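Presented below is the structure to which this report refers.
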Amino acid sequence: MSLSSWKVRAGLPAGLLIVLLGAPVAPADDVGVGGANAAPVILTLNAVQIPGKKFRIYGTVRDETPGSCGVVVTGAASGTVLCDSTGAFTGDFDVAAPGQITAVAGDGQLSSAPATLTLANNAPTTTVRCRRLGNNFTFSGTVTDEAPAGLTVTLSGFTGLNGTTATVTANGTWSVTVTLSQFASGTATAKVTDWYGLTGQASTPFGG
């Protein structure tokens, strides 16, 4: 298997981690003398939340042979991802709860200084509006969240409306049509819950 074909690996054998991380950390400014190997350096470390309690962690590593480097991630996310020939790395990691991660790059002989990053998650928000056509009431809105695709919006506030759900699309929009009695009216509340259990809600009058 070529290095470029590897994806995130969780729970790697200790022997493989030793190969990736190599010897103890060398100074980050060690550029090698007389052709000697220099320690890799993590130049950038970034993350973006993606649907399903996951984060995409990516960045770049500097090394004489970046394609031979691996990056070991520990903390809120755990696993190993290998660099391509330019030193770029990216991998999708399961993250049970947001928090700090530490990344260390290794070239098989030397290890980089650790780089840290906090994986954050903010509560979602939503808007809600209602459009009526006869007895059909269409409720819709837009969710703002780090990873809105696949989230669920739940409506409440009226007997025929309680428990109605809509799935949020990748651009954050959602919509659901409900058939109610011609005299239905009140205040509808839309509540969205994100991947980590945080919620946001909004309300709108309808009917009448």
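Miscellaneous remarks
- Any hit, segment 61-76, residues being in contact with a Lys or Arg (Cβ under 8 Å, 6 or more places away or on another chain) and either more than 30 Å from N171 (Cα to Cα) or among the basic types (K, R) (or both): no
- Here is the figure for segment 169-200: residues that are within 28 Å of the chain's Cα centre (by Cα) and either of a type in the set (G, A, S) or closer than 21 Å to R132 by Cα (or both) total 11.
- Subset of segment 180-208 [outside any strand (DSSP E or B) and either free of Cβ contacts under 8 Å to residues at least 60 places away in the same chain or among the aliphatic types (A, V, I, L, M) (or both)]: L180, S181, Q182, F183, A184, G197, L198, G208
- Positions within segment 60-109 being among the charged types (D, E, K, R) and part of a loop (DSSP other than H, G, I, E, B), in sequence order: D63, E64, D84, D107
- Considering segment 108-157, the residues that are assigned by TED's automatic domain parsing to the domain that holds A76 and in contact with a Cys (Cβ under 9 Å, 6 or more places away or on another chain) include one that is surrounded by the fewest Cβ atoms within 10 Å (Cβ to Cβ), namely G108.
- Answer residue from segment 64-80, given it is of a type in the set (V, I, T) and within 16 Å of the chain's Cα centre (by Cα) and is surrounded by the most Cβ atoms within 10 Å (Cβ to Cβ) among those: V73
- In the set V95, V104, only one residue is β-branched (V, I, T) and either within 30 Å of A190 (Cβ to Cβ) or within 16 Å of the chain's Cα centre (by Cα) (or both); that residue is V95.
- Sole residue being within 30 Å of G172 (Cα to Cα), among the hydrophobic types (A, V, I, L, M, F, W, C) and in contact with a strand residue (DSSP E or B) (Cβ under 9 Å, 6 or more places away or on another chain), chosen from I42, I101: I101
- Flag: G87 matches the condition of being on the phi > 0 side of the Ramachandran plot and in contact with a Gly (Cβ under 9 Å, 6 or more places away or on another chain).
- Among residues that are closer than 25 Å to P98 by Cα and either free of Cβ contacts under 8 Å to residues at least 24 places away in the same chain or assigned by TED's automatic domain parsing to the domain that holds T138 (or both), T177 is not included.
- Residue satisfying condition, being among the aromatic types (F, W, Y), in contact (Cβ under 8 Å) with a residue 24 or more places away in the chain and more than 16 Å from F206 (Cβ to Cβ), within set F137, F158, F93: F93
- Any hit, segment 149-167, residues being more than 27 Å from the chain's Cα centre (by Cα), modelled with pLDDT of 95 or more, over 30 Å from L45 (Cα atoms) and not in a loop (DSSP other than H, G, I, E, B): yes
The values are calculated or read from the model by the stated rules, or taken from the named source; none is laboratory data. It should be emphasised that the depicted structure is a prediction, and the values quoted were computed from it without experimental measurement. Every residue, glycine as well, gets a Cβ built from its backbone with ideal geometry; the counts of neighbours run over all protein chains shown.
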